[in-house]
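Let me begin by presenting the structure, written as C-alpha cells, before commenting on it.
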Amino acid sequence: MAHHALASQESYNPNHLLDILLGKMQLKNDAALSRMLEVAPPVISKIRHHRLPVGASLLIRMHEVTGMSIRDLRDLMGDRRTKYRLSDAQGRPKAEDKSAEAPAPGNYAH
C-alpha cells in the first residue's frame with residue numbers, strides 16, 4: 001500500500017476532518033458527504049484509509065460547502081505545514097537555456 005508523504009506526519013488525521021464535516025453538515029455517512037462534496041464515494045474511503053491525501057481541489061470544495069477557512073480545515077486534519085510545494089522543483093529559478101532565447105530585435109521568424 002502506497003502512503004503519501006503527508007501521512008508520515010504524526011499529527012495527520014484526515015478522519016478527524018471528515019468526522020467534523022459530517023457533524024457540521026448534519027450528514028449521516030460518508031456517502032452523503034461524498035454527494036455534498038461532489039466526489040465519488042471511493043475518494044472518501046481512500047482518504048479515510050490514508051491511501052489518498054486531501055488534495056487542494058477537495059480542500060477548496062470543503063471550504064465552499066462549509067464556509068470554513070482553508071487554514072481551519074487543514075488544522076482539523078492535523079496538517080501543520082506552513083508552505084506547500086507541488087514538486088521539489090517548484091519555486092526554484094529555471095535553468096537558463098541558451099537554445100530557447102528570444103531572437104535578436106529585428107530578427108523575427110515569420
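Laboratory data are not the source of any read-out in this text; all were calculated from the coordinates shown. Since we're looking at a predicted model, the values are computed, not measured. Cβ: placed from backbone, ideal geometry, glycine included. Neighbour counts: every protein chain shown.
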Practice problem: Tally the residues that are over 13 Å from the mean Cα position of the chain (by Cα) and in a loop (DSSP other than H, G, I, E, B), restricting the search to the range 6-65. | Solution: 16
Quiz item: Out of all the residues in the range 40-80, which are surrounded by fewer than 16 Cβ atoms within 10 Å (Cβ to Cβ) and of a type in the set (A, V, I, L, M)?
Solution: 40, 56, 60, 65, 70
